[in-house]
1. Tell me the Kirkwood hydrodynamic radius of the stretch 390-524 in angstroms, computed as one over the mean inverse distance between distinct C-alpha pairs.
2. Set the Förster radius R0 to 22 Å, insert the Cβ-Cβ distance between E61 and A122 as r into 1/(1 + (r/R0)^6), and round the FRET efficiency to 0.05.
3. Calculate the FRET efficiency for D399 and H132 from the Cβ-Cβ distance with a Förster distance of 60 Å, rounded to the nearest 0.05.
4. Counting other C-beta atoms within 10 Å, which of Y277, Y322, Y308 has the fewest, and how do the rest follow?
5. Could you work out the local net charge near T461, counting Lys and Arg as +1, Asp and Glu as -1, over the other residues with Cβ closer than 9 Å to its Cβ?
6. Report ³J(HN,Hα) in whole Hz for each residue of the stretch 267-273, in order, from the Karplus equation J = 6.51 cos²θ - 1.76 cosθ + 1.60 where θ = phi - 60°; Gly and Pro get x.
7. Determine the dipole magnitude for the stretch 113-282: charges of +1 sit on the beta-carbon of Lys and Arg, -1 on that of Asp and Glu, nothing else is charged, the reference point is the Cα centre, and the result goes in debye to the nearest 20.
8. Quick one: M488, M333, fewest Cβ neighbours within 10 Å first, how do they rank?
Amino acid sequence: MVSRPAPASTSLPSESSTATSEGALPESGRFWRELLEDVRDAVLVQDVGGALRWSNPAARELFGGGRPILTAEGPDVGHVEHTGRRFPARIRTLPGGWHAWTVTSAVAADGPRVDGFLAASAPRLASARGRHGTAKVIAEVAAAELADCVFVLLPTTRGRWEWWSCDHRTNHGHGRIRRVPAQLAPVLAGTFASTEELEAKAVPEEEIATLPAIVAERLAVHPSVTVVSLGFDGGAGVTGAVVLGRRGAPAFGEDHPRAVTEFARAAGTALANAHRYARQEEATRGLETTLRPTPPPDVHGVKFDVWYEPSGGLLDVGGDFYDVLPREGGGAMFVLGDVCGKGAEAAALTGRVRQTLAALDLVEHDNTTLLSLLNSLLITGGSGRFATLVLGSVLANEDGLGVTLASGGHPAPLVVRRRGGVDEITLPGTLVGISPQARFAETAIRLGEGDVCLLYTDGITEARHHERPSDLFGDERLRELLVGCQGMSGREVVARVRSAVREWLGSGTHDDIAVLAIEASRPVQ
């Protein structure tokens with residue numbers, strides 16, 4: 001059966017155009033029931049004389065208003081040609097000798113075929129996120145080209161399967177069902193257990209009937225039901241299957257089995273990657289929780305404020321760090337520092353430093369002794385990395401806030417006096433973790449009510465200008481900024497520094513940043 005040109009129009013006829021023509025569609029109820037089954041797909045209606053009389057919206061969108069040529073290849077299959085492309089179609093005979101042509105694949109038969117389909121599928125599979133999102137995308141892509149109804153089945157806990165479905169490209173479903181015993185569903189069971197070369201296998205009607213109703217009822221109406229494994233990845237622990245229900249001829253003809261198996265292989269890889277990524281993300285979040293500094297605790301007579309911003313990367317933790325540890329007798333020990341390097345290794349070393357100091361603080365309160373012990377432990381650990389840090393203690397008294405400070409090669413603390421002026425606290429000391437002969441000294445200062453001592457890492461002073469990368473924020477600019485912070489609280493000082501540095505950086509990248517402000521809140525009465 002080859003179509004003859006329509007007698008009048010040169011474009012696809014619409015509902016309105018056929019209503020006023022002599023060849024208007026019959027009003028038979030049986031005619032419309034048969035026709036409306038496939039209106040979600042591109043459907044073309046041909047009259048008894050072979051002329052094209054009606055098209056649904058999907059067909060008009062696919063063919064863009066042009067006139068396709070319909071060519072039968074058998075009693076119920078054929079192809080639709082348009083602008084040099086051929087689309088496979090299913091033909092249904094309607095009452096009165098009319099015919100409905102349903103396009104079974106939006107991929108042109110003479111196009112790249114399987115390779116083109118796989119190439120188009122790859123970005124969608126790769127961009128899917130998580131187990132749920134990936135399984136949903138697998139069902140969507142398969143329903144668009146490989147089948148009319150798709151179920152993705154993945155084993156879950158308590159002897160159940162989790163399923164994702166898609167019909168006609170848009171009708172999605174998701175849920176859990178009981179797992180059918182292997183003796184009742186041997187083909188499905190064998191597919192889940194298969195670790196060999198992927199192969200699409202036909203699922204018998206009697207096996208489909210054993211499946212839970214929500215799956216069985218939707219698959220039973222499809223003459224062809226096949227299942228293919230998603231493969232097995234021992235490391236990721238991913239197994240699963242895709243069940244494909246098809247009513248008409250395969251979209252890729254004799255090459256359809258290859259399209260199914262190659263797609264299943266790519267889908268299985270995407271699922272394995274999603275599972276592996278989820279495990280890595282879980283481990284990363286757990287590591288971050290352990291390594292990331294916690295907000296400072298409440299300590300009598302003093303207020304702590306911080307700005308902590310790692311440079312970015314896999315871990316939201318960097319080589320800069322701080323800690324505030326309350327002491328039983330009152331007051332607290334504090335530390336702010338910078339470990340050599342970036343990334344996970346530097347973050348791990350900050351964790352070691354913080355844990356070591358927390359343990360040492362239980363038995364030793366002298367700042368220089370703490371630095372010496374930490375220096376020895378870092379050298380003994382053999383990491384080859386060093387750190388700079390400021391370590392000290394605070395204790396409120398009748399005269400305000402007593403602060404002792406010791407430094408291991410770190411930028412000098414700056415004190416913003418409430419009545420005006422900025423003091424630089426010069427502290428001698430060598431890098432921590434370099435030499436067994438390292439020496440450290442400490443000094444004591446007093447903070448009156450409203451005075452703020454600011455500790456910071458070189459992520460502040462070495463911040464690069466967003467337009468002039470060679471221009472650093474620098475020590476002088478920071479000092480001038482703090483001069484203008486007279487009378488501000490510690491929180492306001494930190495906010496002013498953050499705003500100025502971020503404006504300086506613009507949208508550019510930055511190193512790890514840590515700032516700790518120590519403010520004398522009020523004298524003891």
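The numbers here are math on the coordinates, done by the rules we state, and not lab data. These figures come from a predicted structure and were not determined experimentally. Virtual Cβ from ideal backbone geometry, glycine too; neighbours counted across all protein chains shown.
1. So the Kirkwood estimate lands at 15.8 Å.
2. Result of the calculation: an efficiency of 0.35.
3. Once rounded, the FRET efficiency stands at 0.45.
4. Least crowded to most crowded, the residues run Y277, Y308, Y322.
5. Net charge in that neighbourhood comes out at -2.
6. Calculated HN-Hα couplings, in order: 5, x, 5, 5, 5, 4, 5 Hz.
7. Value, rounded to 20: 580 debye.
8. Final ranking by Cβ density, sparse to dense: M488, M333.
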